[in-house]
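S.K.: Provided herewith is a single structure, encoded as structure tokens, for subsequent inquiry.
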Amino acid sequence: MKVNAVKCEKCKNVIYSRSVHDYRECICGNIAIDGGFDYTKLCFIGKKPKIFQIEVNATKRELYNDWNHINNKFGLIKDEDDKIIQLNDKKFSFFKRLFKRNV
Ligand SMILES: [Zn+2]
């Protein structure tokens, strides 16, 4: 499902709120988001972060339970996760080039 998220310019964390009253802070504490799917409340130091939508592989209920049971599997995406995706993309284009050369 799609959720509203913000990215911290300082620590590069992407955060989103899983439920009303789920106040989520990035690791460095520069930004925070609250309100779940009903409204979006932002707290920030310095420049206002831009809200964007991301696709999360979970239902509304799963996100709520994740917050309610303090599992915290969702809600925060670290910069390292981004890097892994980028790395995989690079690998993929490398293989594509290799493939083209062989054809
Ligand atoms: Zn931060």
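Read-outs throughout are calculated quantities, based only on the coordinates presented, and are distinct from any laboratory measurement. Keep in mind it's a predicted model, so treat the numbers as computed, not measured. All Cβ positions, even for glycine, are placed from backbone atoms using ideal geometry, and neighbour counts span all protein chains on display.
S.K.: If we restrict to alpha carbons, what Rg and Dmax does segment 1-57 come to, in Å?
M.R.: 10.3, 31
S.K.: At what distance in nm do the modelled label points of TYR39 and LYS12 sit from each other, each positioned 7 Å from its Cα along Cα→Cβ?
M.R.: Once both label points are built, they end up 3.4 nm from each other.
S.K.: Here is the link list: LYS10/LYS60; LYS10/LYS78; LYS12/LYS73; LYS47/LYS73. Which ones come out longer than 21 Å on Cα distance? Walk me through the numbers on the way to the answer.
M.R.: Working: LYS10/LYS60 29 Å; LYS10/LYS78 12 Å; LYS12/LYS73 18 Å; LYS47/LYS73 28 Å.
Exceeds cut-off: LYS10/LYS60; LYS47/LYS73.
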